[in-house]
1. Could you work out the Kirkwood radius for the chain, taking every pair of different alpha carbons, averaging 1/r and inverting it, reported in Å?
2. To make sure I understand, if each residue's beta carbon is the centre and we count other beta carbons within 10 Å, what order do H154, H64 fall in, fewest to most?
3. Pick from D172, D127, D99 the residue whose mean-square fluctuation is largest in a GNM of the chain, springs joining Cα atoms under 10 Å.
4. Return an integer: the convex hull volume of the alpha-carbon atoms of the stretch 66-141, in Å³ per residue.
5. May I ask you to order 16-24, 84-92, 160-168 by the average number of other C-beta atoms within 10 Å around their residues, highest value first?
6. Under the Kirkwood approximation applied to all pairs of distinct alpha-carbon atoms, what is the hydrodynamic radius of the stretch 14-76 in Å?
7. Okay, helix-only estimate at 222 nm for the chain: each DSSP H run of n ≥ 4 adds -39500 (n - 2.57), divide by all residues, round to 500 deg cm²/dmol; what do you get?
8. Using the structure shown, select from K46/K189; K142/K162; K142/K180; K46/K162; K167/K189 the pairs with a Cα to Cα distance greater than 28 angstrom.
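Values in this text are rule-based calculations from the coordinates and carry no lab data. Just so we're clear, the structure is a prediction, and the values are computed from it rather than from any experiment. Here the Cβ positions follow ideal geometry from the backbone for every residue, glycine too, while neighbour counts run over all protein chains shown.
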Amino acid sequence: MEIMEFLRTRRTYRRFEQRPVAPEILTEAVDAARIASCGANRQTLKYIIVQSPETVAAVQPLVHWAASLPPELGRPKPGEQPVAFIAVLQDERLPGYSDTDTGLAMGSLTAAAWGHGVGSCLMGSIDRPALSKLLGLPEGVKLRYMVALGYPSHESHLVSMKDGDTKYYLDDARDYCVPKRPMEEVLLKTL
Ligand SMILES: Cc1cc2nc3c(=O)[nH]c(=O)nc-3n(C[C@H](O)[C@H](O)[C@H](O)COP(=O)(O)O)c2cc1C
């Protein structure tokens with residue numbers, strides 16, 4: 001796939017086919033995050049792959065979907081839920097944590113997954129205490145994000161933004177429509 005087409009389609013996906021993602025793909029996604037650029041090459045992030053159906057089921061009620069939509073539209077129903085998660089963790093025993101590093105790592109992780117057709121949703125709205133307990137985090141390791149993963153069962157389209165409204169919505173086919181600001185608004189100048 002041409003790189004801009006890859007980036008246009010590497011969107012947030014929130015409904016998924018109920019077939020497993022191969023463990024090698026999930027491991028490769030973590031490997032992509034592992035080698036991402038980070039400030040001073042400090043590498044403070046760790047990961048946990050959640051792929052067993054029992055643990056995936058236990059995670060589902062602890063993540064919150066699509067704040068811009070009413071729950072009946074944004075939350076995946078049984079039969080639509082992600083089939084795997086990757087927990088993105090900060091190892092507090094290592095100095096120099098940076099949110100920018102986390103973003104870059106998750107960008108690489110989700111791109112590596114999308115390279116195999118595996119869609120994702122970065123999730124910051126999560127029950128951290130309950131998930132930390134479920135994941136059995138070691139002392140000094142803090143949960144930052146969950147990444148939901150699976151083969152998407154819907155499409156997601158970039159659409160023109162109207163009146164500065166950033167809210168995404170569903171069209172008649174229940175595909176996501178994601179407004180982005182136009183180039184002329186974001187590219188201030190070329191010097
Ligand atoms: C830091 C971050 C946290 C997010 N947390 C959630 C979340 O908790 N639940 C959710 O459904 N989507 C979450 N998202 C997905 C955003 O809603 C999504 O990226 C945004 O609507 C734009 O859609 P796009 O990724 O297709 O461009 C998060 C995205 C980012 C970058």
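1. On the way: mean 1/r = 0.0567 Å⁻¹.
The Cα-based Kirkwood calculation yields 17.6 Å.
2. Numbers: H154 17, H64 14.
Going from least to most buried by this count: H64, H154.
3. Among D172, D127, D99, the largest mean-square fluctuation in the Gaussian network model of the chain belongs to D172.
4. Numbers: hull volume 10.0 nm³, N = 76.
Hull volume over Cα atoms, normalised by residue count, gives 131 Å³.
5. Numbers: 16-24: 14.6, 84-92: 21.7, 160-168: 10.7.
Top to bottom by mean Cβ count within 10 Å: 84-92, 16-24, 160-168.
6. One decimal place: 14.5 Å for the Kirkwood radius.
7. Details: 7 runs with 58 residues, N = 191.
Here the helix-only value at 222 nm equals -8500 deg cm²/dmol.
8. Values: K46/K189 38 Å; K142/K162 39 Å; K142/K180 32 Å; K46/K162 39 Å; K167/K189 26 Å.
From the list (K46/K189; K142/K162; K142/K180; K46/K162; K167/K189), the Cα-Cα distance tops 28 Å for K46/K189; K142/K162; K142/K180; K46/K162.
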